[in-house]
Amino acid sequence: MRADVARAERHRAVRIAAEGWRRAGAIDDATVLAIASAYPDDRVRLGRGFRVLAGFAALVGGGAMSALAASLLASGGAETLFALGLTLVFAAATEIQTGRLRLAQAGAEYATAILAATCAALAWFSLFTSVSVVEGAVGLAAACALAAWRWGYALFAALAAAFVLVSTSQGAMGRSVWAVSGVVAFPLMLPMARSARWSPAHRRCLDAAALVFLVGAYLAINVYGLDHRWIEGFGNGGTAAPGAWARGAAIAGTILAPPLVLVAAAHFRDRGLLAAGALFTAASLLTLRHYHPVGPWWFLLALGGVACLAIAVAVGRWLAAGPGRERFGITADPLFGDHRRVEMAQAAATIVAMSPGPRVTPEGSFEGGGGRSGGGGATGGA
Amino acid sequence: MNPDVVAAVDDLVRKRVLESRAAARLRRAASGSLISVRQELRVLLWAGVFLITAGAGILVRQNLDRVGPVAVAVAIGVAALACLGWAWRQASAPSLVFESVLLLGSLLAAADLAFVEVKFTPLGSHWPWHLLIVAAAYAALAFRFDSKSLFSLSLTSFAAWRGVSLAGVASPWGAVADSDRLLTEALICGVLFLALGKLLESSQVKAQFEPVAAWLGWILIVGALSMRLGVDESRVVVATALTGCGVVLAWFAWDERSLGRYALGVGAAAVGVGGWAVEAIERVHGGFNAYLAIVVLLAGAVIVLLLRAQRALRGSA
């Protein structure tokens, strides 16, 4: 990553923190201005709406330009050279945008980076007449890792980690490699993701890659995944039934992984781990329900919902009752973060998931609520 | 944890920009020794509401015969009343859980109403009116408890009463409507929502609801017109309407410095111009490359427009 980009990222982090402090009333406007002048940000950044539209336009426009160039210029047998040429064009476009034009979070430079990585992957694929899973995954992992290292986008780091896992899924030890890589990668990457030696963008990349490895480890030890040979399925192999010891270990892993991750999240105060722990808890409960259908779905869903509400209320009250309204460095009070993004996502999810379906023709039959048409939205016809 | 911010706090204390006492809490938050899980708890509460309403929906569908319709209606009604009653009592000092319980009670009440309507048919052939009743009830609760979530659900319920699904209109690349009825209804709903938003803003009564009404209104208008572009008949007219709407939206949004809506307007106008181009290319029997060239040109124009707008904004700031 370029030094000027890394410096701008560091200054940006300080300015964002200062905005949060101001929102919470910890500092005044004059102090924010003083901080802004001490940590100047020379990048051209677009707002969220602009960024999404610019990124979409660049992605669609760049894709159309590639297709147009392919139909006009590419000839049979020169696919690799053509794809490499496009890779260079899009990589150069990204470099110019992040360098001379000083664009950051503008959408367009992100889109051209995605196109560069995609064209590099296409060039790699065109080298083979028949691409195996390992060959394909290795090429994609290399392209994504290079893009993550150079431009610092977490998406590429997550994809690189995922393709590394896919490339190791072949062979008898594939599942073990997934499990071990999650256990080993997270403790290695977490300190790096908190080190000032790395730029904020690279720290996000490390966080994203570590989370992918952790999810991979959970998939490797989940008993449903073992029984259905998910990992071995990448190579269309491994149809043999797992051994008894492997199932026993997977059952133990399915039960123990969620609480262990949640404890680690509390210990390291890591939001990513917390989200992973919640996800693993839900997945393990679903696995349990699959093998032991203890009750009807409606009851389990309602029970799960009540449990979510009860846990949230209990944790909130427990934290608020602690000295200084915190316990072990965790509080339920708002701090200095920007909560608008979560609130917007929640509002959008409410509209999508809980809005009623449109009225249907009179001969339509009743559809109870739940989910999409739930609660608010039972639709029906008499 | 953010080591850059930790270092910056120390630096700012040394430079006397921050007071050392105030900086202590900022440093704790930056170093990760103090974190807030408020958002995580909110997400957990939302998940709880979603799961309970989903469970209630399945209960209604699957256990009707075994439990009996009266028992189901009474059980859901009691649960809804309990939630709404609790919310009513807590309204003076809303807590973290308040919005979730209010939402849960409202959703359960709406589901109960729909269930009663289907099983006991009190509205007879006018059954779709239950959606309007739900919309009015959501709106009343939204105004009483100052809830944007319920206000947005009120508007989407109203749209559902008119046969319009916001999710369907907001994803115009999906199925194309086979008649113009949906387009007309969506446009009417969209204009009504915009007018409602303006009314709320100008009368200063719940002016904070204006962005919700405006966003949903414009999404309905732009989405319905974009969806209708997929039909060959009258494409030029629809494309012209879409371009016009996009320009008007971008124009007003620019005046209000509402950048998200400005981006929506620019995007809508670009799609409208694309509709003209598609029609023109079809008339002259242009090849696939002509379509690609148009896409490249439009995408370039959108990016240039956005970057220029951003530059103008920085200049005026």
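A few points about this structure:
- Scan of segment A:54-69 for residues that are of a type in the set (A, V, I, L, M, F, W, C) and in contact (Cβ under 8 Å) with a residue 24 or more places away in the chain, ordered by number: A:A54, A:F56, A:A57, A:A58, A:L59
- Filtered by the rule that a residue be under 21 Å from A:L101 (Cα atoms) and either more than 11 Å from chain B (Cβ to nearest Cβ) or part of a loop (DSSP other than H, G, I, E, B) (or both), segment A:1-35 gives A:M1, A:R2, A:A3, A:D4, A:V5, A:A8.
- Single residue of segment B:283-298 satisfying the filter (free of Cβ contacts under 8 Å to residues at least 12 places away in the same chain and in a helix (DSSP H, G or I)) that is surrounded by the fewest Cβ atoms within 10 Å (Cβ to Cβ): B:R283
- Enumeration of residues in segment B:76-100 that are over 19 Å from A:V315 (Cα atoms) and either of a type in the set (V, I, T) or not in a helix (DSSP H, G or I) (or both): B:I76, B:V78, B:A91, B:S92, B:A93
- Criterion violated by A:P293 - all others in (1) part of a helix (DSSP H, G or I); (2) open to solvent by 20 Å² or more (accessible area, probe 1.4 Å); (3) more than 11 Å from chain B (Cβ to nearest Cβ); (4) closer than 22 Å to B:L51 by Cβ satisfied: (1)
- Residue in segment B:242-254 that is assigned to a helix (DSSP H, G or I), within 9 Å of chain A (Cβ to nearest Cβ) and either touching an Asp or Glu at 6+ places or on another chain (Cβ under 7 Å) or open to solvent by less than 70 Å² (accessible area, probe 1.4 Å) (or both) present: no
- Extreme residue, surrounded by the most Cβ atoms within 10 Å (Cβ to Cβ), among residues of segment A:311-340 that are more than 27 Å from B:A24 (Cβ to Cβ) and facing another protein chain (nearest Cβ under 9 Å): A:A312
- Candidates in segment A:86-111 are the residues that are modelled with pLDDT under 95 and small (G, A, S); of these, the one that is farthest from B:A263 (Cα to Cα) is A:G99.
- Only one entry of B:A56, B:A87, B:A91 meets the criterion of being more than 13 Å from chain A (Cβ to nearest Cβ), buried (at least 17 other Cβ atoms within 10 Å of the Cβ) and not basic (K, R), and that entry is B:A87.
- Criterion: open to solvent by 30 Å² or more (accessible area, probe 1.4 Å), of a type in the set (A, V, I, L, M, F, W, C) and either in contact with a Phe, Trp or Tyr (Cβ under 6 Å, 6 or more places away or on another chain) or part of a helix (DSSP H, G or I) (or both) - qualifying residue of B:A142, B:A137, B:A186: B:A137
- Residue within segment B:21-32 that is hydroxyl-bearing (S, T, Y) and either surrounded by fewer than 15 Cβ atoms within 10 Å (Cβ to Cβ) or within 9 Å of another protein chain (Cβ to nearest Cβ) (or both) present: no
- The single condition among (1) open to solvent by 30 Å² or more (accessible area, probe 1.4 Å); (2) at pLDDT 90 or above; (3) among the small types (G, A, S) that A:A172 does not satisfy is (2).
- Within segment A:23-47, restricting attention to residues that are among the charged types (D, E, K, R) and under 29 Å from the mean Cα position of the chain (by Cα), the residue that is least open to solvent (accessible area, probe 1.4 Å) is A:R43.
- Of the set (1) touching a residue at least 60 places away in the same chain (Cβ under 8 Å); (2) open to solvent by less than 30 Å² (accessible area, probe 1.4 Å), all apply to A:A143 but (1).
- For segment A:355-371, the criterion of being more than 9 Å from every other protein chain (Cβ to nearest Cβ), at pLDDT below 75 and touching a helix residue (DSSP H, G or I) at 6+ places or on another chain (Cβ under 7 Å) is met by none of the residues.
- Within segment A:222-241, considering residues that are surrounded by fewer than 23 Cβ atoms within 10 Å (Cβ to Cβ) and aliphatic (A, V, I, L, M), the one modelled with the lowest pLDDT: A:A240
- Total residues in segment A:79-118, condition of a type in the set (A, V, I, L, M, F, W, C), more than 18 Å from B:V304 (Cβ to Cβ) and open to solvent by 30 Å² or more (accessible area, probe 1.4 Å): 7
- Residue count, segment B:7-20 (criterion: assigned to a helix (DSSP H, G or I) and either surrounded by 21 or more Cβ atoms within 10 Å (Cβ to Cβ) or at the interface with another protein chain (Cβ under 7 Å from one of its Cβ atoms) (or both)): 4
- Residue check, B:A269 part of a helix (DSSP H, G or I), without any contact (Cβ under 8 Å) to a residue 40 or more places away in the chain and crowded, with 17+ Cβ neighbours inside 10 Å: yes
- Count - residues of segment A:259-279 that are open to solvent by less than 30 Å² (accessible area, probe 1.4 Å) and touching a Ser or Thr at 6+ places or on another chain (Cβ under 9 Å): 1
- Here B:A110 does not qualify as open to solvent by 60 Å² or more (accessible area, probe 1.4 Å) and either part of a helix (DSSP H, G or I) or at negative phi (or both).
- The listed residue being more than 30 Å from B:L45 (Cβ to Cβ) and either at pLDDT 90 or above or touching a strand residue (DSSP E or B) at 6+ places or on another chain (Cβ under 9 Å) (or both), out of B:S157, B:S125, B:S202: B:S202
The values are calculated or read from the model by the stated rules, or taken from the named source; none is laboratory data. Nothing here was measured: the structure is a model prediction, and the numbers come from that model. Cβ coordinates were reconstructed from backbone atoms using ideal geometry, including for glycine residues, and neighbour counts include every protein chain displayed. The area values use the complete protein model at the heavy-atom level, side chains included, leaving out ligands, DNA and RNA. Shrake-Rupley method; radii C 1.70, N 1.55, O 1.52, S 1.80 Å.
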